[in-house]
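A.B. asks: Input: one structure, supplied below.
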Amino acid sequence: MNMNINRCQDCGNIHPRQPCAAQPVKFIWPFEGKEVLIFGSWNLFQVGTKLIGKKCTLNLAVGQYEYKFLVDNHWKYLQNEEIVHDNHGSYNNLIQVLPKRAYQIFESNAKPLIRLFEIADEVIGSWDNWNQPIKLQKRYNQFKLCDEYYTYIDLQEGRYEFIFKRGKQYFHDSCQPTISNTFGKKNNIMVVLINKTETQELDFNNVYWTKHDLLYHTFDHIYGHTMTSIGNQFYIFGGAPSRNDLYKLTFGDHQLNLEETEGEMPRPRAYHNAIAYGDKILFFGGVDEHSILNDHFVYVTSAKTWYLAKTDKKWTERERASLTFYAQEELVILFGGYYLSPDLEVELIYNDVYYMNIQNMQWVRLNINNQPSPRYGHTAIQVNEKMYIFCGKNQDEYFNDIWMLNFETVQWQQIQTLGVAPEPRYGHTTNLIKSKICIFGGRNSKSNRLNDLHLFDFTTNTWITPTQYGQMPSPRYFHAADIYNEEQLWILGGNIGLKRNEHFYIMNFGKQEEQTLVQQQQIQQQQQQQQQQQQQQLN
């Protein structure tokens, strides 16, 4: 049963008939106060959120919100921020939440796409001060199963408003993010971010690792689990041997806490997949001690509630497949995977592609020619309209190839790369850091665990092998990894033999020995203080 029927399927909040573009919004109380909470109009000021270190991150949809801080049981607002009367003789702060980055441009010749799924002739926008309408083209969208009207526009980085025109009528698309205009109506809005020269920001030729203790909880062994970031924390779920507990690992203090949840929990599982959208996490499939699973569970982080999502399954059971989220079309993409029948008589390895609309949970097979070899234990990364497939294995071969599926042309392409490619492997992780795809670890054809690191620049199709410094993770496979702040790689768990999983690892770019060691010392001091406080409370 869907325990969240009245909530937005994207962000988990309640904003009926309003477009959703949930995104993390950071709030800071810069002044004194022992206990600070924030209340806001996003939930009618009914429930406050406690600030940790005078900071918190909330997932909010596009729109305007009022908010106020409760500091040591006294209501406060920030005088240097935008304010509005609260009708009680004081003020609330005011914030306008804009859409998430609609497009991140990595390639110099790439242009943002503007489109809608109803008849329109032209689009006009703020990019030229509303002067010249741009004619729209028409094509059939096989994911939406209808015509779309579209154009590509060469835009600089920035925020743009636009509306569509049909005949003499001007209108906005209610399915896209909107903002009120000066005429009392609405414009559509988009944000364009252009990936600038990164060599000035991050040193991709050198990386520095630090090792950190897990506070409050540790794992004897955990592998085949997932780690998914939302807000200021990672959500860690499942894994072998036989787990279905959910933990939160917070970025600031490195605390690992068991999440207390409501609703129908998934069965224990490993080798499943997880993707985040809004403040939800979709968990798909996996394997338990007896069989391959094909269910879909959703965890709503804001409500701490599980529910079983009903889908019209149209594929055969599988494990160790890849799952990505194509945000532009709101599609979950499934590729490949492994199947072994309960009687051990039938073994299948797949190279098919299925997609599922995140709104109606309906799966559809995508028929494409010239596909990659069947495989499992591979990884996939979604970069705008392109999905990249890395490595994996089947009965006969381990792979180190790269394939790209372009969802605009609906064609596979094997990428011819420059530089030194990583050796064939499976059970590795891939994560997107700016215009680089980061591959770590795995297991090779000789059954050796790996702890090497490789970066793939998809703007030049070039492999980079950075020099690693610091406290590197031990060799491992079927670990979990995710990105923090778009520049740090966090790694937890994995099959590391008989050793306990008592630590996690953070990778920064560059030879940041001194800076990183200072940061690590500060964190260790905070951890010691927290442990002392906890011990005092117990005494």
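A.B. asks: Among the residues of the stretch 389-400, are any among the hydroxyl-bearing types (Ser, Thr, Tyr), buried (at least 16 other Cβ atoms within 10 Å of the Cβ) and more than 25 Å from the chain's Cα centre (by Cα)?
C.D. replies: Start the filter on the stretch 389-400 by keeping residues that are among the hydroxyl-bearing types (Ser, Thr, Tyr), which leaves 398.
With buried (at least 16 other Cβ atoms within 10 Å of the Cβ) added as a condition, the list becomes 398.
With more than 25 Å from the chain's Cα centre (by Cα) added as a condition, the list becomes 398.
There is at least one residue in the stretch 389-400 that is among the hydroxyl-bearing types (Ser, Thr, Tyr), buried (at least 16 other Cβ atoms within 10 Å of the Cβ) and more than 25 Å from the chain's Cα centre (by Cα).
A.B. asks: Step by step: first the residues of the stretch 254-304, then only those that are of a type in the set (D, E, K, R) and touching a Gly at 6+ places or on another chain (Cβ under 8 Å), then the one that is nearest to GLN359 (Cα to Cα). Which residue is that?
C.D. replies: LYS280
A.B. asks: While we're here: With the checklist (1) in contact with an Asp or Glu (Cβ under 7 Å, 6 or more places away or on another chain); (2) at positive phi in hand, flag the one item LEU145 doesn't pass.
C.D. replies: All conditions pass for LEU145, except number (1).
A.B. asks: If you scan the stretch 136-171, which residues turn out to be under 18 Å from VAL97 (Cβ atoms) and without any contact (Cβ under 8 Å) to a residue 60 or more places away in the chain?
C.D. replies: GLY158, TYR160, GLU161, listed by residue number.
A.B. asks: Select from the stretch 447-460 the residues that are modelled with pLDDT of 95 or more and over 18 Å from ASN508 (Cα atoms) and write down the one among them that is surrounded by the fewest Cβ atoms within 10 Å (Cβ to Cβ).
C.D. replies: Checking each candidate, the answer is ASN448.
A.B. asks: Now, a different point. Within the stretch 356-394, can you find the residues that are assigned to a loop (DSSP other than H, G, I, E, B), closer than 22 Å to HIS479 by Cα and of a type outside the set (Lys, Arg)? Steps first, answer last, please.
C.D. replies: Residues of the stretch 356-394 that are assigned to a loop (DSSP other than H, G, I, E, B), as a first pass: 358-361, 367-375, 377-378, 384-385, 391-392, 394.
Applying the additional criterion that residues be closer than 22 Å to HIS479 by Cα yields 375, 377-378, 391-392, 394.
Residues satisfying the conditions are GLY377, HIS378, CYS391, GLY392, ASN394.
A.B. asks: Residue by residue through the stretch 339-364, note down the ones that are modelled with pLDDT of 90 or more and either within 19 Å of ILE381 (Cα to Cα) or touching a helix residue (DSSP H, G or I) at 6+ places or on another chain (Cβ under 7 Å) (or both).
C.D. replies: Correct list: TYR350, ASN351, ASP352, VAL353, TYR354, TYR355, MET356.
A.B. asks: Still on this structure, I have one more. Can you find, within the stretch 414-435, the residue that is surrounded by the fewest Cβ atoms within 10 Å (Cβ to Cβ) among those that are modelled with pLDDT under 95 and closer than 18 Å to ALA480 by Cα?
C.D. replies: Among those residues, the one meeting the criterion is LEU432.
A.B. asks: Filter the stretch 326-349 for residues that are buried (at least 16 other Cβ atoms within 10 Å of the Cβ) and either in contact with a Gly (Cβ under 6 Å, 6 or more places away or on another chain) or assigned to a strand (DSSP E or B) (or both) and give the result.
C.D. replies: TYR326, LEU331, VAL332, ILE333, LEU334, PHE335, GLY336, GLY337, TYR338, TYR339, LEU340, ILE349
A.B. asks: Let me spell it out: the conditions are (1) more than 21 Å from ILE275 (Cα to Cα); (2) at pLDDT below 90, and GLN371 meets all of them except one. Which number is the exception?
C.D. replies: Of everything listed in (1) more than 21 Å from ILE275 (Cα to Cα); (2) at pLDDT below 90, GLN371 misses just condition (2).
A.B. asks: With the structure loaded, tell me whether ASP352 is closer than 30 Å to ILE433 by Cβ, without any contact (Cβ under 8 Å) to a residue 60 or more places away in the chain and either surrounded by fewer than 22 Cβ atoms within 10 Å (Cβ to Cβ) or among the acidic types (Asp, Glu) (or both) or whether it fails that test.
C.D. replies: For ASP352, the condition - closer than 30 Å to ILE433 by Cβ, without any contact (Cβ under 8 Å) to a residue 60 or more places away in the chain and either surrounded by fewer than 22 Cβ atoms within 10 Å (Cβ to Cβ) or among the acidic types (Asp, Glu) (or both) - is met.
A.B. asks: Limited to the stretch 140-198, what total is found for residues that are of a type in the set (D, E, K, R), part of a loop (DSSP other than H, G, I, E, B) and closer than 28 Å to MET361 by Cβ?
C.D. replies: Total meeting the criteria: 2.
A.B. asks: Could you please let me know if GLN46 is under 17 Å from ILE28 (Cβ atoms) and assigned to a loop (DSSP other than H, G, I, E, B)? Before the answer, list the steps.
C.D. replies: Values: under 17 Å from ILE28 (Cβ atoms): no; assigned to a loop (DSSP other than H, G, I, E, B): yes.
In short, no.
The values are calculated or read from the model by the stated rules, or taken from the named source; none is laboratory data. Bear in mind the structure is a predicted one, so any value in this text is a computation, not a measurement. Cβ: placed from backbone, ideal geometry, glycine included. Neighbour counts: every protein chain shown.
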